[in-house]
Structure formats: C-alpha cells, structure tokens
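The values are calculated or read from the model by the stated rules, or taken from the named source; none is laboratory data. As the structure is a prediction and not an experimental result, all values here were calculated from the model. Note that each Cβ is placed from the backbone with ideal geometry, even for glycine, and that neighbours are counted across all protein chains shown. Just the protein is used for accessible areas: all its heavy atoms, side chains included, with ligands, DNA and RNA removed. Shrake-Rupley method; radii C 1.70, N 1.55, O 1.52, S 1.80 Å.
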Amino acid sequence: MPAAARGGPVSHAVSRVARLHRIAAGRLLKQAGLYPGQERVMMHLWKAGPVRQSELIRICELDPSTVTKMLQRLEQSGHVRRCPDPADRRAVLVEATEGSCALLADVSRAWSTLEEVTLAGLEPAERAELARLLAKVEGNLCTEALAECRDLPGARPARPGSTQARPEENRTRP
C-alpha cells in the first residue's frame, strides 16, 4: 500500500475494487458493443422513455461534452435517436430506438455476469451483508458529495455545512 494511503486502508481498497470492477464491466460491455457508462444511459432511456439531453447529463453526472460524445456513438450504432423537443425547440430529446431492445438483453447478461464474477466465492449471507454495508457507505458518501443522492435508500439527511446542503450552483464535481 502506498505510504500516503496508510491512513485510509478501506478507502484505498474501495478505490482499487472500483477500478477493477469498471475494467471487468468494460470487457463485458465491449461484447455488447458498448463502452462503460453507455449502458447507464441506455438503462435510463429504457426505463424513462424519451428524455431531454440535459436530463441525461444531470443523471449521469458527467461533463456535457462526454455525454454528447456518448450519445453520438450510440446514435451512430442505431441505439438512440435525438430530435428537437416539441415543447422547446432549443432542447434535444433522446430516446432508445426499437433496435436497441436486443441490447437490453446483452446489458442484462453483462450485469448478471459481472455480479457473479464480483461475488464469486461469497455465500448468500455474505453477499447480503456486503450489499448492506455498501449501501451504508454509499449513504455516507452521498451525504458528503452529492445532493442528487437524497433519494437513494440509505442516504442520510444532509448535515449543516455539508456539500449536500449547499445550493446546486455552489457544488463542485470531483
């Protein structure tokens, strides 16, 4: 462990696990023709239907240029369609295409495989405990980092002075 991380061995472990999880997810998603993060966009579109591009940017918590590039790739591959919002011609609506339905099965399969790879060797009780503990950790981090986490199960109410209590325009992205 690097000397600077000795004061945070759990945080160091979480960071390493998150990086490896993203690599494994990327390999599985590549088989479906997707890059990491694109599946989150597609999952949201399949669930919500057409949404404004600005909504996807907010939900993905990514730079607008990153989401725009992601949507360009998804549009080129025939998975999404973008068009002007009839209610506001300045806004862009994004929707999953009918052809993306086959992708839904691939994404579901990739996430199921990722789950099994991630949790291999853990008993059902250990899996449940890990999920419970990670939800607590997520709640802790949401309290400190993101106002959008207020609606997540396990997220604690904001403490005075935390970034969650600040107006959105004063928040900074990590």
FRET efficiency, 1/(1 + (r/R0)^6) with R0 22 Å, evaluated for I59 and T97 via beta carbons = 0.70
note = If each part is reduced to its alpha-carbon centroid, the stretch 1-59 and the stretch 83-148 end up apart, in Å, by 8
Partners for K30 among lysines (Cα-Cα distance below 29 Å; same-chain residues under 8 apart left out) = K47, K69
query = How big is the accessible area of V41 in square angstrom, nearest 10, if you roll a 1.4 angstrom probe over the protein chains?
reply = 0
